[in-house]
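To start, the structure under review is shown below, and the notes come after it.
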2 protein chains.
Amino acid sequence: MKRQTAPLAMFLMAVAVMPAISAALAQTDPLPSWNDGPAKKAIIGFVQSTTDKSNPKFVPPEARIATFDQDGTTWVEQPMYTQVMYCLERVPVLAKEKPELKEVEPFKTVLSGNREAMAKLSKKDLEKILAATLTGMTVDEFNAEVKKWLETAKDPRWKRPYTELVYQPMLEVMKLFRVNGYKTYFVTGGGQDFVRVYSEQVYGIPPEQVVGTAGGTKYGYDRSGKPMLTKEPKLLLNDDKAGKPEGIHLMIGRRPYAAFGNSIGDKQMLEYTQAGDGGRLMMLVHHDDGKREYAYGPKSKVGTFTDALMAEAKQKGWVVISMKNDWKRIFAFEQ
Amino acid sequence: MKRQTAPLAMFLMAVAVMPAISAALAQTDPLPSWNDGPAKKAIIGFVQSTTDKSNPKFVPPEARIATFDQDGTTWVEQPMYTQVMYCLERVPVLAKEKPELKEVEPFKTVLSGNREAMAKLSKKDLEKILAATLTGMTVDEFNAEVKKWLETAKDPRWKRPYTELVYQPMLEVMKLFRVNGYKTYFVTGGGQDFVRVYSEQVYGIPPEQVVGTAGGTKYGYDRSGKPMLTKEPKLLLNDDKAGKPEGIHLMIGRRPYAAFGNSIGDKQMLEYTQAGDGGRLMMLVHHDDGKREYAYGPKSKVGTFTDALMAEAKQKGWVVISMKNDWKRIFAFEQ
């Protein structure tokens, strides 16, 4: 570099690092939707200690991995998982294409619209509905269908798109982690292909950082000879409970330093995270706010949080987040 | 920021951006190990056009994905895949732990050291050897075993560690892509867990960007109650041929913009890459340099490059890299 270019170079440097400075200034409180308390303190303490080179808990940038469950941890999962709502609402569309389904169970019950009867559908019935609505089409067709549905479908309680029922405090945590060099991943029991459709836009998590329940695809060619991938009814990864650490190994290949969940489906992911060396952060969102969101725990079929899980959390030093006490606001649309 | 801190801030800025400036200066020729020719021109042209906002082929940074086959594309695969060498050399270690194997085929043949007999082993025999040496242990044990082997094992021709038999021109391509915002992925028929052990150190590709043939793991606890993952003899992804686009969808969820291979195992990955919109780059390394490396093609069992693949490449505009003509040097250790 020649000496006379220095002033220009200095100017360019100043411009180049301005975003970084702005970000630093904006970070006076990186978690404005959190009340002061042990949960907020644990998050900030973890990020500070693992990014401070002089701290024994320092984590090198390339190893900074944080994993988040989705349903019930970063968005609403009651009264039913959003993806299941998608599958149920796809059935009438499917029945138009294949009228023979109208007389076949469990599709007949779903088409009746009888919610009481639908609530009684067995696990096997539900699997039939999932297989019919999540497989058989090309990957591109599926993406387009989900995208279109998300644009118009609304949650029955808030009358808003499902993608607005995202927990603002958790978005702040994800952002704080990313600003500090962490790669944020979803590790969800939900369908990997389903979550990938909106994860980047809604959460800032790119498709390649979504680990979820995954089925196989089949490579082939359409009539014009163009390559395509078709979604097959073949389960490769059931990304729930023990499947979560297994999925993390398959898709990431590194142990997370921080893991967030909200139910018995996340227990093994938190155990696996904690089993690593150095500083680790394990947190569970507890739904104890029936007024602003929902209050549920051991008895809920969706997002079960048993007493045994609470006991394990206390014994192992996992931090339980009280939605009621720790979150100043829950959704971005709240005043 | 207070005004009087400006000089210090400017100094810090200067320090912060120096690496970027050095990198830019060093980039006069980003591919110094390549001879001028159509292959080098195609790579540089692709990177320039897809990172130039005013070009119709511009690719937004988050979508910049480039995939590389490993064996034969970024390192030597003859006379036998490195991972197979690992498995064969593990057999004596295994036989020490389980002496009963000494009398059982195909282990007996491997232990005999009779290379002629070993070359005649069937695919089924080989699968038995792979299952015995690649599964049954914990993920941590496997990583430690591979790491230890790589430190001492040597290629029979060059008498060097396998991790030095890496193609310098391809390292330069990977670096050029990364400097331009591309995420570089391995998409290899080799074992995902095997390649992850050294991919970051040798190629700058982190474990989470290695897509390979993958088996299942099983979550459990050791005697002290510590969580562990055990490698199971259950194939989840055969990441070869049609399995490559399937693996790309499973692990990345985005279509690559550039793909590099060297054999019929890469055909579908290149087709799938080309089937996307906009500018795409498909390249095949052709082993035509028997003097500096190896010359092989249609008749080789390892890294088969058929006449049909060559015809498809020509017809579809895939660029064939001649090791003999396009590469100035092959290995970093050459003068």
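The values are calculated or read from the model by the stated rules, or taken from the named source; none is laboratory data. Since the model is a prediction, treat every value here as computed from it, not as a measurement. Here the Cβ is made from the backbone with ideal geometry for all residues, glycine too, and neighbour counts use every protein chain on show. These accessible areas exclude ligands, DNA and RNA; they are computed on the full protein's heavy atoms, side chains included. Shrake-Rupley method; radii C 1.70, N 1.55, O 1.52, S 1.80 Å.
Taking only the range A:59-81 into account, find how many residues are in contact (Cβ under 8 Å) with a residue 60 or more places away in the chain and part of a loop (DSSP other than H, G, I, E, B). Number of matching residues: 13. Contact map, the range A:282-305: first residue under 21 Å from residue A:41 (Cα atoms), second residue part of a strand (DSSP E or B) and aromatic (Phe, Trp, Tyr), Cβ cut-off under 6 Å, separation 6 or more or different chains; pairs are A:283/A:260. Restricting attention to the range A:265-298 and to residues that are within 30 Å of residue A:79 (Cβ to Cβ) and basic (Lys, Arg), the residue that is surrounded by the most Cβ atoms within 10 Å (Cβ to Cβ) turns out to be A:267. Taking the range A:183-273 and the helices (runs of 4 or more DSSP H) fully enclosed by it, the elements with 3 or more residues that are more than 10 Å from chain B (Cβ to nearest Cβ) and closer than 25 Å to residue B:63 by Cβ are at A:199-203.
Of all residues in the range A:32-57, those satisfying the criterion of being open to solvent by 60 Å² or more (accessible area, probe 1.4 Å) and touching a residue at least 60 places away in the same chain (Cβ under 8 Å) are A:32, A:38, A:56, A:57.
What residue, among those in the range B:297-335 that are in a helix (DSSP H, G or I) and small (Gly, Ala, Ser), is nearest to residue B:119 (Cα to Cα)? The qualifying residue nearest to residue B:119 (Cα to Cα) is B:308.
Could you grab me the full set of residues in the range A:134-157 that are in contact with a strand residue (DSSP E or B) (Cβ under 8 Å, 6 or more places away or on another chain) and surrounded by 13 or more Cβ atoms within 10 Å (Cβ to Cβ)?
If the condition is that a residue be in contact with a strand residue (DSSP E or B) (Cβ under 8 Å, 6 or more places away or on another chain) and surrounded by 13 or more Cβ atoms within 10 Å (Cβ to Cβ), then A:134, A:135, A:136, A:137, A:138, A:139, A:142 are the ones that fit.
Scanning the range A:135-162 for residues that are in a helix (DSSP H, G or I), in contact (Cβ under 8 Å) with a residue 40 or more places away in the chain and either of a type in the set (S, T, N, Q) or touching a His at 6+ places or on another chain (Cβ under 7 Å) (or both) returns A:139, A:143. When B:173, B:110, B:93 are screened for being open to solvent by 50 Å² or more (accessible area, probe 1.4 Å), part of a helix (DSSP H, G or I) and not basic (Lys, Arg), only B:93 passes. Among the residues of the range A:168-205, which ones are within 21 Å of residue B:253 (Cβ to Cβ) and of a type in the set (Gly, Ala, Ser)? Within the range A:168-205, A:189, A:190, A:191, A:199, A:204 meet the criteria.
Of all the listed residues (B:238, B:262), the sole one being surrounded by fewer than 22 Cβ atoms within 10 Å (Cβ to Cβ) and under 22 Å from the mean Cα position of the chain (by Cα) is B:238. Please verify whether residue B:42 is within 14 Å of chain A (Cβ to nearest Cβ) and either modelled with pLDDT under 95 or not in a loop (DSSP other than H, G, I, E, B) (or both), treating the condition exactly as stated. No: the conditions fail for residue B:42. Checking A:28, A:135 one by one, the residue that is within 14 Å of chain B (Cβ to nearest Cβ) and closer than 22 Å to residue A:181 by Cβ is A:28 and no other.
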